[in-house]
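Please treat every number below as a calculation from the coordinates, not as lab data. Being a predicted model, the structure only gives us computed values, none of them experimental. Don't worry about glycine lacking a Cβ; one is built from the backbone with ideal geometry, like all the others, and counts go over all protein chains shown.
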Amino acid sequence: MTVLDDYKDRFGGSFDDNKKILNDIATIRSKSLKNKIAGYITKLIKNEIRINAEKENQQSDQKTTVDTDKTESTESPTKDTDKTESTESPTKDTDKTESTESPTKDTDTNE
């Protein structure tokens, strides 16, 4: 639609305002045709506004999710460290057994 492409910045979400703008930029003698075109333009503009608002909401939701993920990832190493420490405890027991043998070996090596 050439009118919309050329004058999109002048149109808005109001049917009456769009009808007046259409009168200014085009000569349409038929009242019903003018109303149909103004209604169509209004519908397109409102849909575009709605889609842009949804995109902004999704982006803000994603930012919130990313912020939450960052917070969780910051907390996760602490949780992982706790898990690692508890996992390391049996390993430390094994290490104790090895460490008991190691000082003997180290002592042998030092002598």
Label point distance in nm, residue 64-residue 34, each placed 7 Å from Cα along Cα→Cβ: 4.6
Hz values of 3J(HN,Hα) by residue in segment 38-48 - Karplus curve (6.51, -1.76, 1.60), Gly and Pro given as x: 4, x, 5, 4, 4, 4, 5, 5, 5, 4, 5
Length released on extending from residue 3 to residue 52, taking residue separation times 0.36 nm less the Cα-Cα span: 15.5 nm
Placed amide H near residue 12: partners under 5 Å, 5+ positions off or other chain: 18
